[in-house]
Amino acid sequence: MKSAAFLAPLAAVLILAGCVSQPTRAPEVPVDLAQAQAQDARRAALTEWSISGRIAVSNGKQGGSGRIDWQQSGDRYTVSLGAPVTRQSWRLSGDDSGGRLEGIEGGPREAADIEALLRETTGWNIPVRALADWVRGVGADPARFGEARIVYGEGNRPVRLSQAGWTIDYAQWQPEAAAGTGPVLPARLTATQGEAKVRLIVDDWAPGATP
């Protein structure tokens, strides 16, 4: 089932406004690299979490958007995307060994390469397994995705991360007060690879929440 039929109805629902890695520094912003790496380590150590928010995906020709709920525990993930008005939804679950996609024409499908399954069934390029790290503002496993390069900005936090052919721009972070005693986490980011684009706005972070 191709993207036009799969996610096009979601476009009317929402229009979005928007592992420690080798660091580089943004020349126009003074950066304390030791503090930046310490913050990276705290975020990388957060392996159980839950988020809810909004997502928009596009492939240069078509796009769609909707609500997203994501639960992560180690390498296990459950990602749900839905449009409240049309009630169309899909659910992705799995781990590093493979995943299962539900809510598509023809019934659920499973594959070892969940990203390839998503491209085949929906037309969307969404780097699910790496995004589980990028959404926390840290690089994904370098053994699998290669080394990440990070440009730091205000507050010694990443403003851009490049890895595996993707560029992730961090437009907004949680307020310090919202983080409480935990690490400050991204609130708005965009991952781009060629014409593929994935935008996330995180309305709620729940560190420590498991699937």
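When peptides 137-150, 120-133 are sorted by average Cβ neighbour count within 10 Å, with the highest value leading, the order is 120-133, 137-150. Give, as a single signed number, the net charge of other residues whose beta carbon lies under 12 Å from the beta carbon of Thr167, with Lys and Arg counted +1 and Asp and Glu -1. Summing Lys/Arg as +1 and Asp/Glu as -1 gives +2. Residues in the stretch 62-73 carry Karplus couplings, in order, of 10, x, x, 8, x, 7, 9, 10, 9, 10, 10, 9 Hz; the curve used is 6.51 cos²θ - 1.76 cosθ + 1.60 with θ = phi - 60°, and Gly or Pro positions show x. Ranking Ala143, Ala130, Gly82 by how far each Cα lies toward the positive end of the dipole of the stretch 71-170 (charges on Cβ) leaves Gly82 at the top.
Shown in residue order for the stretch 153-168 are the 3J(HN,Hα) couplings computed by the Karplus curve 6.51 cos²θ - 1.76 cosθ + 1.60 at θ = phi - 60°: x, 4, x, 6, 10, x, 10, 8, 10, 10, 6, 6, x, 9, 10, 10 Hz (x for Gly and Pro).
Using the Karplus relation 6.51 cos²θ - 1.76 cosθ + 1.60 with θ = phi - 60°, the per-residue 3J(HN,Hα) values for the stretch 192-198 come to 10, 9, x, 7, 6, 9, 10 Hz, with x marking Gly and Pro. Residues whose amide H lies under 5 Å from that of Ala111, counting only those 5 or more places away or on a different chain, are Gly99; hydrogens are built 1.01 Å from N in the peptide plane. Only protein atoms count toward the accessible area here, which uses a 1.4 Å probe; on the stretch 53-118, the carbon and sulfur part of that area reaches 44 percent.
The values are calculated or read from the model by the stated rules, or taken from the named source; none is laboratory data. Everything numeric here is computed off the predicted structure, so don't read it as measured data. All Cβ positions, even for glycine, are placed from backbone atoms using ideal geometry, and neighbour counts span all protein chains on display. We work out accessible area using only protein heavy atoms, side chains counted, and drop any ligands, DNA or RNA first. Shrake-Rupley method; radii C 1.70, N 1.55, O 1.52, S 1.80 Å.
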